[in-house]
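The values are calculated or read from the model by the stated rules, or taken from the named source; none is laboratory data. None of the values given here were measured: they were computed from a predicted structure. In this analysis, Cβ positions are derived from the backbone assuming ideal geometry, glycine residues included, and neighbour counts consider all displayed protein chains.
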Amino acid sequence: MRTTPWVRGFCPVSTMTNIERKAAQIKLLLTDCDGVLTDAGVYYTAHGEEMKRFSMRDGMGVERLRKLAGVEVGIVTGENSLPVARRAAKLNISELHLGCKDKVRTLLAITEKNQLGLEEIAFIGDDLNDEAVLKMVGLSACPADAMQEIKDIADYRCRNYGGHGAFREFAELIIKAKTVIGDAVIGDAVIGHSSLVIDVPLNGIPPMTNDPNDQCPMSNDPNDNNVQ
């Protein structure tokens, strides 16, 4: 008799990976801008106006995090950029920190203001000025084209590049952990299982880890969506 609950198409709670467990605790996702929400490029018009390219899919990720998982998003960037401010306003992101030269200090101020523990914050960054924050938060990630030093320390390395879906990939990872499995676990104790509340197909959600061996096979047992 099975003693661990299944949600159809997903891993049983007792086999959650360490990344999934971390993701299930997240309440705030902070992101760098250049190299994560953008491709790290800066464009100038003939009149010297700065332009940046943002992904609409990443924007949808912000909305899905908020509506499906109750996770807010904040931007912490070293640049003072009007396009970034406009993008944040478009996405209703109020936790916006421009011209931030000390990201650790900003992170600590955010935790105090929002009464959050570091383990409840995720951060995705791509360059060396993100390193200290990545080491402090509960869950860290980087785009596929991040600096190697950042890839070496991130909990999760996205398959997608900055400005081309890396943020969305990380967002979906957190959504999956919080809406499908997160409510079923307190520490290591299994207390039940949550309903399937997101309509993204299994093959449309990035894996919770870069190790393909960590993925759980689906069962052919029609009763697998019930607690035995």
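Only one entry of D155, D145, D127, D183 meets the criterion of being surrounded by fewer than 24 Cβ atoms within 10 Å (Cβ to Cβ) and at pLDDT below 95, and that entry is D183.
Of the residues making up region 164-180, those that are small (G, A, S) and crowded, with 24+ Cβ neighbours inside 10 Å are A166, A171, A177. Which residue is nearest to A177 (Cα to Cα), if the candidates are limited to region 111-124 and must be surrounded by 13 or more Cβ atoms within 10 Å (Cβ to Cβ) and over 16 Å from the mean Cα position of the chain (by Cα)? The residue in question is L116. Among the residues of region 26-49, the ones that are in a loop (DSSP other than H, G, I, E, B) and within 14 Å of F167 (Cα to Cα) come to 9 in all. Scoring G35 on the criteria (1) surrounded by fewer than 22 Cβ atoms within 10 Å (Cβ to Cβ); (2) on the phi > 0 side of the Ramachandran plot leaves a single failure, condition (1). Pairing each residue of region 105-118 that is farther than 10 Å from V133 by Cβ and acidic (D, E) with any residue that is at pLDDT 95 or above and surrounded by 14 or more Cβ atoms within 10 Å (Cβ to Cβ), provided the two are 6+ apart or on different chains, yields no C-beta distance under 7 Å. Of the helices (runs of 4 or more DSSP H) that lie entirely inside region 66-176, those containing 2 or more residues that are over 28 Å from T17 (Cα atoms) span 82-90, 103-114. Restricting region 50-63 to residues that are out of contact with any strand residue (DSSP E or B) (no Cβ under 9 Å at 6 or more places or on another chain) and in a loop (DSSP other than H, G, I, E, B) leaves a set whose member that is nearest to I175 (Cα to Cα) is S55. Taking first residues from region 38-62 that are under 16 Å from T77 (Cα atoms) and partners that are at pLDDT 95 or above and among the polar types (S, T, N, Q), the Cβ contacts under 7 Å between residues at least 6 apart in sequence or on separate chains come to K52/T38; R53/T38; F54/T38. From the list T4, T15, T31, the one residue that fits, being modelled with pLDDT of 90 or more, polar (S, T, N, Q) and within 27 Å of G70 (Cα to Cα), is T31. Counting the residues of region 38-50 that are among the hydrophobic types (A, V, I, L, M, F, W, C) and either modelled with pLDDT of 95 or more or in contact with a Lys or Arg (Cβ under 6 Å, 6 or more places away or on another chain) (or both) gives 0.
Search region 51-91 for residues being modelled with pLDDT under 95 and polar (S, T, N, Q), and hand back the single one that is surrounded by the most Cβ atoms within 10 Å (Cβ to Cβ). It comes out as S81.
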